[in-house]
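Undergrad: A single structure is presented below for examination.
The values are calculated or read from the model by the stated rules, or taken from the named source; none is laboratory data. No experiment lies behind these values; they were computed from the predicted model shown. Virtual Cβ from ideal backbone geometry, glycine too; neighbours counted across all protein chains shown. Just the protein is used for accessible areas: all its heavy atoms, side chains included, with ligands, DNA and RNA removed. Shrake-Rupley method; radii C 1.70, N 1.55, O 1.52, S 1.80 Å.
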Amino acid sequence: MTIDSQQIMLNFLRSDLNQLRAYTPHPGGSDGEPVSAIIDRLDTNESPYDLPSEIKQKLAFSFEETIESNRYPDGGHTTLKQSISEYVNEAGANINAANISIGNGSDELIRSILIATCVGGEGSVLVANPTFSMYGILAQTLGVPVITVGRNESNFEIDLQAAQQAIETSQNVPVRVVFVVHPNSPTANALSQNEINWLKNLPQNILIVIDEAYFEFSQTTLVKELPQHPNWIILRTFSKAFRLAAHRIGYAISSPEIITVLEKVRLPYNLPSFTQIAAQVCLSNRQFLLSVIPEIINQKNQLISELSQMPKLQIWPSNANFIYLRIKNTENQEESLTKLTAELKKQGTLVRHTGGGIRLTVGTPEENTRTLQRLQQILDTIF
Ligand SMILES: *Cc1c(COP(=O)(O)O)cnc(C)c1O
């Protein structure tokens, strides 16, 4: 039996979902263009390195020997919360398991935050574009209004005046949550002192979410500020520096009161047993796994210096493992970026065209070299 959705009147669905554009997942969408055999996936900001085989063997062993597939996973995440808090405290914080909630990726935590604050017409969220698109997408799926402000075009600092005004004038559906990324995606800038001061001075009846997905690359965190700000949540993920994107695990750090609510609204068995073990094993081996970060940062600096020598590109500094760039002197930036993205894809490099620019993830040295050559050639022949 085939079901033709064209013929079904889907009028039991919420009408606002018609307008919603889904997140385009990795790899690079499905526009039907042929792709070269070598694919350098520099579009989703993961680590370019898979887990080493010693660690995969440990995981395979625990899958065989310790996981009971017929049993539900640990729904309390007690041990893992303990290990995560020890890791977080290495950056000078003083938190414990009661300050942590673990999600099926930080995406799940973002959704839990929205459920706990805004759903049912109670509040709206504020974001500064360009930024991580999931805040807006998840808010829309829950019928939560999204208020957007812009950023300074030279350093991508949030337009704080507009943000302040948006908060002060949002009376019908008050702003309940502000989402910021530290450093921001796709523009790679860490929060400035100005922005941090603004966040510190926001009223306590607004929840501030500081997404530190790239903490291991930026080595800058606001975690020590949490005791002074019970209305702040810091989000982190295992999807980037910890090389566990396939396993879906992220965590929130906040006051015990906020954590209790996030725990209330999450699904009881949100983290598969294998995911919990993978996170535990990676935390135990963190020194080894994170030891490639200086190399990735070196590669980034080298990429930035090479890209700076391409006169047709405009590039920005980066506090993360990716670089944001645009094309100079073009009449139609969006069209040129679309073209550049498509040409790179044809030659075998995937990048993300988003937020008015291209976001290029730092890959392995080989991937970076190939990508630079492809870029140079495309810029020379097409632009
Ligand atoms: C990649 C990324 C995440 C990670 O999301 P997961 O659901 O944990 O994979 C979160 N926030 C930002 C800003 C990101 O770029």
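Undergrad: Within the stretch 289-383, considering only helices (runs of 4 or more DSSP H) that don't extend past its boundaries, which have at least 3 residues that are among the charged types (D, E, K, R) and open to solvent by 40 Å² or more (accessible area, probe 1.4 Å)?
TA: Where helices (runs of 4 or more DSSP H) fall fully within the stretch 289-383 and carry at least 3 residues being among the charged types (D, E, K, R) and open to solvent by 40 Å² or more (accessible area, probe 1.4 Å), they are 333-347, 365-382.
Undergrad: Let me ask something else about it. Quick one: which residue in Ala252, Ala279, Ala241 is within 21 Å of Gln82 (Cβ to Cβ), in a loop (DSSP other than H, G, I, E, B) and open to solvent by less than 10 Å² (accessible area, probe 1.4 Å)?
TA: Ala241
Undergrad: Sort through Gln204, Gln165 and tell me the only one that's outside any helix (DSSP H, G or I), out of contact with any Phe, Trp or Tyr (no Cβ under 7 Å at 6 or more places or on another chain), more than 16 Å from the ligand (Cβ to nearest atom) and not charged (D, E, K, R).
TA: None of the other options fit; the residue is Gln204.
Undergrad: Could you tell me whether any residue of the stretch 103-125 is modelled with pLDDT of 95 or more, part of a loop (DSSP other than H, G, I, E, B) and within 16 Å of the ligand (Cβ to nearest atom)?
TA: Yes, because at least one residue in the stretch 103-125 is modelled with pLDDT of 95 or more, part of a loop (DSSP other than H, G, I, E, B) and within 16 Å of the ligand (Cβ to nearest atom).
Undergrad: Under the condition of being open to solvent by 50 Å² or more (accessible area, probe 1.4 Å) and without any contact (Cβ under 8 Å) to a residue 40 or more places away in the chain, which residue from the stretch 161-178 is farthest from Ala116 (Cα to Cα)?
TA: Gln161
Undergrad: Next up: Mind checking which pairs have a first residue in the stretch 104-125 that is farther than 23 Å from Ser239 by Cα and charged (D, E, K, R) and a second that is more than 10 Å from the ligand (Cβ to nearest atom) and open to solvent by 10 Å² or more (accessible area, probe 1.4 Å), Cβ under 7 Å, 6 or more apart or different chains?
TA: Pairs found: Glu122/Arg176.
Undergrad: Taking Gln193 as meeting all but one of (1) surrounded by fewer than 16 Cβ atoms within 10 Å (Cβ to Cβ); (2) within 16 Å of the ligand (Cβ to nearest atom); (3) of a type in the set (S, T, N, Q), write down the number of the exception.
TA: Of (1) surrounded by fewer than 16 Cβ atoms within 10 Å (Cβ to Cβ); (2) within 16 Å of the ligand (Cβ to nearest atom); (3) of a type in the set (S, T, N, Q), only one is false for Gln193: (2).
Undergrad: Of all residues in the stretch 266-276 being open to solvent by 50 Å² or more (accessible area, probe 1.4 Å) and not hydroxyl-bearing (Ser, Thr, Tyr), which is farthest from the ligand (Cβ to nearest atom)?
TA: Residue satisfying both the conditions and the ranking: Pro268.
Undergrad: Further question on the same structure: What is the residue count in the stretch 91-102 for residues that are more than 16 Å from the ligand (Cβ to nearest atom), open to solvent by less than 40 Å² (accessible area, probe 1.4 Å) and either under 27 Å from Leu160 (Cβ atoms) or not in a helix (DSSP H, G or I) (or both)?
TA: Residues in the stretch 91-102 being more than 16 Å from the ligand (Cβ to nearest atom), open to solvent by less than 40 Å² (accessible area, probe 1.4 Å) and either under 27 Å from Leu160 (Cβ atoms) or not in a helix (DSSP H, G or I) (or both): 3 in total.
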